[in-house]
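Worksheet: one structure, shown below.
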Amino acid sequence: MEIKGSTNVVGLIGHPVEHSFSPPMHNAAFKKLAMDYVYTAFDVNPKNLEHAIAGAQALGIKGFNVTIPHKIEVMKYLDEIDDVASLIGAVNTIDFKDLKGYNTDGIGAIKAISEVTKIKNKNVLIAGAGGASRAISFYIAEYGADSLEILNRNVEKADKLASDISDSGLIDNVNSDSIKNMNLDDVDILINTTPVGMHPNVNDTPIALAGDMHEELVVFDAVYNPNETGLLKEAIKANAKPVYGIKMLLYQGAESFNIWTGKKAPIGVMEDALVKTLGL
């Protein structure tokens, strides 16, 4: 890819960012569509965040993805926040055309799960109550799930998230509990947003074992490194339906791509680049 004076720049801001899989995924997409764009990563110290946003705007950067630890703090420096991103209270995509913040994490998860099952009228259980859980929960509610249960080690955090989702009016049936009380008998979709099983802790005991699962269960793990987590291995053992975290990474990236360029992302090319980068 030749970088010229006319090249449009998009990128990722976070701290740290050097292990991001986003640059190869987006640059493969730009190459495929012969677009004069480049995607790179910027390590931004939290104390420099305001300057980074102002500087990017001054330099004519077209868009950013935003990762830890900036997803909440960055909202202060934007002119507009998308409705769902406002509910979530975090932004992972910025479009500098109107200095607007979006959150594509939740839609990434929805599209990943939707490859296997519909969300409408389903009973969904989410493990974890952090940022990823919050992003996914509001979309699960918006896409018409029948019930949503949020389980977390810190039950207060689960209660708070359940209360916020309930207050949104998007779904009537929201519950919360300790992760120790997980029961999957009546659950259609299990979503893991905890870091359990994430590299390098690949031998962690999964949040649920094959014996806890049933064959109709869809199991989505937001962890994408390793690709086949301990939880997904248990799902396969139980003949349940696994959904891989790489798919969420893929679809949230595709959604960001659409926001910045107005073009439909070449999903297949982006997925191939991810698979190659992850060494699968």
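The values are calculated or read from the model by the stated rules, or taken from the named source; none is laboratory data. All values reported here derive from a predicted model rather than from experimental measurement. With ideal geometry, Cβ positions are generated from the backbone for all residues, glycine too; neighbour counts draw on all protein chains shown.
Annotations for the structure displayed:
- Residues of segment 65-94 that are at pLDDT below 90 and closer than 22 Å to M25 by Cβ: I68 alone.
- In segment 160-199, the residues that are free of Cβ contacts under 8 Å to residues at least 60 places away in the same chain and exposed (fewer than 14 other Cβ atoms within 10 Å of the Cβ): S163, D167, G169, D172, N173, S178, K180, N181, N183, D185, H199
- The one condition in (1) over 24 Å from I140 (Cβ atoms); (2) of a type outside the set (F, W, Y); (3) surrounded by fewer than 22 Cβ atoms within 10 Å (Cβ to Cβ) that S114 fails to fulfil: (1)
- Failed criterion for E115 (all others in (1) assigned by TED's automatic domain parsing to the domain that holds A208; (2) among the charged types (D, E, K, R); (3) over 28 Å from D172 (Cα atoms) hold): (3)
- A Cβ distance below 9 Å, combined with a sequence gap of six or more or placement on separate chains, defines the contacts here; from segment 228-239, residues that are under 14 Å from V196 (Cα atoms) reach residues that are surrounded by 23 or more Cβ atoms within 10 Å (Cβ to Cβ) and aromatic (F, W, Y) in the pairs L232/F220.
- Residue match in segment 227-235 (condition: closer than 20 Å to L249 by Cβ, surrounded by 24 or more Cβ atoms within 10 Å (Cβ to Cβ), of a type in the set (D, E, K, R) and out of contact with any His (no Cβ under 7 Å at 6 or more places or on another chain)): no
- Screening I72 on (1) of a type in the set (V, I, T); (2) surrounded by 16 or more Cβ atoms within 10 Å (Cβ to Cβ); (3) under 27 Å from D159 (Cβ atoms) shows it passes everything except condition (2).
- Test set (1) within 24 Å of S178 (Cβ to Cβ); (2) in contact with a strand residue (DSSP E or B) (Cβ under 6 Å, 6 or more places away or on another chain) - V243 fails condition number: (1)
- Count of residues meeting criterion [part of a helix (DSSP H, G or I) and at pLDDT below 95] in segment 219-244: 0
- Residue count for segment 1-55, restricted to those that are surrounded by 15 or more Cβ atoms within 10 Å (Cβ to Cβ), among the hydroxyl-bearing types (S, T, Y) and over 19 Å from E255 (Cβ atoms): 1
- Any hit, segment 200-223, residues being touching a residue at least 60 places away in the same chain (Cβ under 8 Å), of a type in the set (S, T, Y) and either over 16 Å from F138 (Cα atoms) or touching a Phe, Trp or Tyr at 6+ places or on another chain (Cβ under 8 Å) (or both): no
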